[in-house]
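Each remark here refers to the structure printed beneath this line.
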Amino acid sequence: ELITAYSALYVGLNAQLFTGAEDRLGYHFVSYAHPIRTSKDVVAVSWLFFDSAFYDEQTYVFTYAKRLTPRLSGGVGTKVLHVGIASNEYTRADPDLANASLAQTGATIDLSLLYALSDTVQIGISGENLLPTEIGILQTEDLPMKWGVGVAHRTENWVRVIDFVWRNQRVNAKLDIN
């Protein structure tokens with residue numbers, strides 16, 4: 001299965017840069033998943049890319065998921081993250097930027113489990129960014145760990161979802177009905 005997406009962010013904003021050019025923000029996404037051996041094992045590779053005229057973020061994700069029992073599935077993902085600031089006349093003129101490395105790359109892992117309580121109710125838990133990694137350019141910036149738990153209830157016409165995410169000592173809850 002191949003999925004692609006592109007979003008032009010803040011359409012119409014077109015901020016004027018110091019060079020007089022307009023900055024256009026974009027978000028790109030490409031992902032491919034493929035079953036291996038049996039339909040119980042899947043590998044996937046994904047690429048996420050945010051870009052502007054002077055800054056970019058890229059994330060490469062390599063994922064393996066497996067149905068462990070008829071009701072339990074698990075997955076592990078490795079992520080390589082890259083952030084960068086474009087070298088241009090502004091960055092060369094700024095003393096803080098001129099002598100700094102304008103790019104940073106780090107790697108981390110994600111883990112997840114999904115359990116089917118019944119044919120209509122599933123519960124999932126996830127841990128993201130479980131290996132500490134530093135992604136700051138001008139100062140130290142550690143990628144924060146993120147933990148999540150959620151429950152989904154599926155009916156013939158609806159899927160009701162509630163999930164809780166813990167990140168940076170804060171819990172966010174979200175209820176959604178599709």
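Given a cut-off of under 8 Å on Cα pairs at least six residues apart, what relative contact order in percent is computed for the chain? List each step's numbers first, then the result.
Details: 409 pairs, mean separation 20.4, N = 178.
Relative contact order comes out at 11 percent.
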Placing unit charges on C-beta atoms (Lys and Arg positive, Asp and Glu negative, everything else neutral), compute the dipole magnitude of the chain about its Cα centre in debye, rounded to 20. 940
Provide the per-residue ³J(HN,Hα) series for the stretch 111-119, in order, calculated from phi with Karplus coefficients 6.51, -1.76, 1.60 and θ = phi - 60°, each as a whole number of Hz, with x at glycine and proline positions. 10, 8, 9, 10, 10, 8, 5, 7, 5
Among (i) 1.05; (ii) 0.97; (iii) 1.46, the entry matching Rg/Rh (Cα atoms, Kirkwood Rh) as calculated here is (i)
Farthest toward the dipole's positive end in the stretch 37-178, which of 97, 54, 113, given Cβ charges of +1 (Lys, Arg) and -1 (Asp, Glu) about the Cα centre? 113
Tally up the carbon and sulfur contribution to the accessible surface of the stretch 1-114 as a whole percent, 1.4 Å probe, everything protein left in place. 61
Relative to the Cα centre, what is the charge dipole magnitude of the stretch 81-178, using +1 at the beta carbon of each Lys and Arg, -1 at the beta carbon of each Asp and Glu, and rounding to the nearest 20 debye? 320
Grab the other residues whose beta carbon is less than 14 angstrom from that of residue 159, score K and R as +1, D and E as -1, and report the net. -1
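The values are calculated or read from the model by the stated rules, or taken from the named source; none is laboratory data. All values derive from a computational prediction rather than experimental measurement. A quick note on method: Cβ atoms are made from the backbone with ideal geometry, for glycine too, and the neighbour counts reach across all protein chains shown. Areas reflect the complete protein model, heavy atoms only, side chains present, ligands, DNA and RNA absent. Shrake-Rupley method; radii C 1.70, N 1.55, O 1.52, S 1.80 Å.
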